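In what follows, a single structure is set out as structure tokens and then discussed.
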Amino acid sequence: MSIKQILVPLDGSKNSERGLDMALDLAGNTNRSIVCLYVKPTSVNSVKYGELFNDEENRLMRIAFDFAQKECKKHNVKFIDETVTGDAKSGIVKYANDSSRKIDLLVMGARGRGSVKAAFMGSVSNHVLNKSKIPVLIVK
């Protein structure tokens, strides 16, 4: 299997940064690219608080992308940023499983920013692991 494009979901957590670190190690200094995906949630808060919620989510997204871009540049790896809106679980899986995107590997942290924690692995990473059609590497 040839790995040319690695998908890394980001949410600003230390665990998502560990996923990025692993992806950078795997990419090395080759002709590979890292696609950083940020899923902007839709929730009652986005409707209730409107612009305030969106501004905060955009700020968090920008911080995550800025960090990832700097890390990719340090490692001489091509950086691509992508954003989708919706539920993190389904957003990541839908993006990864879209064959037109040509993602070869998905690397993600075991837990993210979510407030509810699963017993052994975050519910998002567990869902992605079970629903993804491409190889998934979960980083603890």
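Every number here is computed from the coordinates shown, using simple stated rules; none is lab data. From a predicted model like this one, the values you see are computed outputs, not experimental measurements.
Listed values, structure above:
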{"item": "Lysines whose Cα lies under 29 Å from that of Lys102, excluding same-chain neighbours fewer than 8 positions away", "result": "Lys4, Lys14, Lys40, Lys70, Lys73, Lys74, Lys78, Lys89, Lys94, Lys131, Lys133, Lys140"}
{"item": "Extended-chain gain in nm, criterion 0.36 nm per residue less alpha-carbon gap, Ile63 and Leu26", "result": "11.0 nm"}
